[in-house]
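What follows is a single structure, written as structure tokens, with notes after it.
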Amino acid sequence: LERGLQPRSADDTMVDLAGNDYLGLSREPAVVEAATAALVRYGLGATGSRLVRGSTVEHATLERELADLMGRRAALVYSSGYLANLGVVRALARPGSVFVLDAHAHASLVDGCRSSGARTVPVAHNDVDALAAVLADLPSGLAVVVTESVFSVDGDAAPLARLHQVCRDHKALLLVDDAHALGVVGPFGGGAVAAAGLAEADDVIVTATLSKSLGCAGGMVAGSDVFIRHLVQTSRTFIYDTALPPAVMCGAQAALMLMKNDTWRRDLVRQRAAALAEALQAAGLGVTSPAAGIVSVFAPSAIAALEWSRACQRAGIAVGCFRPPTTPDHRSRLRLTINAAIPAADFERAVKVIIGTAPSPDE
Ligand SMILES: Cc1ncc(COP(=O)(O)O)c(C=O)c1O
């Protein structure tokens, strides 16, 4: 179970079914050119935290564009999605707050709840009835329900509209991490919260990352003006952190434009995810049901998963190998992520390799 790093070079030729560059924007010439031009104008580093010298017009422009895309009044960029979740969860904690956390929620949400010092109650994954029962036992107006929209390990979707209804009934806030839906789901790729018709709900707060569909780096939160102002005043992971380089903000602006306009990219991600899940299932493998660009396929053991991922790697296919404690249910699996920029022939070969190297169920 020991983890190891596998540094890749710039000319790496692996077919990438392990990264989160769903729309294939990280290497898109328009994105790279926008970042390069900003690098020349601004230099490399932001030189300071956002409240000191780090805020540039590029940060402000991207924040406006992100808020517009997600149908929110305002947005704030953090250095990473991890720090955004940590900072936002902590900022939502008030005296007496209780976080109600989906059992499959990402480590950054778990860490935010833990470090807030507030009471945290786990709730069974995507179980709306269990959530209603938990909320019924809590004082009204003090709960914050914390979940992802598309779950990072299994790629399944949260029932956001139903979760929101239950939250409304109990005057709870709903915090949704839209990291794996942004760009792939929703109008113009605006995410699963917007797709669920909750873009204007004032009791829903959305976080996401710029490091997946946008192919860049950084995290974000979108919400009301008041909440964003509250974060600027109080959120330690925003305040005490050097701003992201302006070149990253410019690259993200270019990526955002392509994300909105190139509908074919998200269509292809969803088509490929469905085709992959179907092919794996037809080969007798246990797979999750993809809501966006993630398909997980179960392995009989941690060792089998590791061997399987190595066999794929030897054949030139990069896949994610997820073993406990990273998996929510102690089962090991390969996590396969779709990239719209991979040529069709490479994608088809990758599917054949994954099936051809699969372990037998009793391995
Ligand atoms: C659901 C989810 N939230 C947050 C993050 C953290 O985002 P970042 O990599 O930008 O720190 C990740 C993964 O990286 C994720 O999968």
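Kirkwood radius for the chain, taken over all pairs of different Cα atoms as the inverse mean of 1/r, rounds to 21.0 Å. Ignoring aspartates and glutamates fewer than eight residues from LYS352 along the same chain, the ones with Cα atoms less than 17 angstrom from its Cα are ASP16, GLU278, GLU307. Inter-label distance, ASP169 to ARG314: 5.4 nm, where each label sits 7 Å from its Cα along the C-beta direction.
Applying 1/(1 + (r/R0)^6) with r as the Cβ-Cβ distance of ASP202 and SER289 and R0 = 22 angstrom yields a FRET efficiency of 0.10.
Restricting the calculation to Cα atoms, region 153-245 yields a radius of gyration followed by a Dmax of 14.1, 42 Å. Calculation over all alpha carbon pairs of region 106-208 in 10 angstrom steps from 0 returns a P(r) of 15, 49, 32, 4 percent.
If you average over every viewing direction, what projected area does the convex hull of the Cα atoms of region 220-363 give, in nm²?
On the way: hull surface 47.4 nm².
About 11.9 nm², averaged over all directions.
Spacing of the modelled spin labels on GLN271 and VAL232, each 7 Å from Cα toward Cβ, amounts to 4.3 nm. Estimated at 0.36 nm per residue, the fully extended path between GLN281 and VAL128 surpasses their Cα-Cα distance by 52.3 nm. Taking 0.36 nm per residue of separation and subtracting the Cα-Cα distance, full extension of the segment from ALA10 to THR242 would add 80.9 nm.
Average projection, convex hull of the Cα set of region 46-170: 8.9 square nanometres.
Full-extension gain between ALA136 and ARG41, please, as 0.36 nm times their residue separation minus the C-alpha to C-alpha distance.
Details: separation 95, 0.36 × 95 = 34.20 nm, distance 5.52 nm.
Going from the current span to full extension adds 28.7 nm.
So, R0 is 35 Å and r is the distance between the beta-carbons of SER360 and ASN261; what FRET efficiency does that work out to, to 0.05? Walk me through the numbers before you get to the answer.
Values: r = 46 Å, r/R0 = 1.31.
Working from the Cβ atoms, E equals 0.15.
Within region 200-286, the proportion of Cα pairs with more than 15 Å between them is 73 percent.
Expressed as a whole percentage, what fraction of the accessible surface of the chain belongs to carbon and sulfur atoms when a 1.4 Å probe is rolled over the protein heavy atoms?
On the way: 8610 of 15870 Å².
Carbon with sulfur: 54 percent of the solvent-accessible area.
With every protein chain present, what is the per residue accessible area of region 239-363 (1.4 Å probe, Å²)? Provide the component values of the computation, followed by the final result.
Details: 5390 Å² over 125 residues.
The answer is 43 Å² per residue.
For region 52-106, the solvent-accessible area of protein heavy atoms averages 40 Å² per residue (probe radius 1.4 Å; ligands and nucleic acids excluded). Give me the one-decimal nm value for the distance between modelled label points at ASP225 and ASP329, 7 Å along each residue's Cα-to-Cβ direction. The answer from the label model is 4.6 nm.
The values are calculated or read from the model by the stated rules, or taken from the named source; none is laboratory data. If you're wondering where the values come from, they're calculated on a predicted model, not measured in any experiment. Methodologically, a virtual Cβ is constructed for each residue, glycine included, from the backbone with ideal geometry; neighbour enumeration extends over all protein chains shown. Ligands, DNA and RNA are stripped out before the accessible areas are found, and what is left, the full protein with its side chains, is counted by its heavy atoms. Shrake-Rupley method; radii C 1.70, N 1.55, O 1.52, S 1.80 Å.
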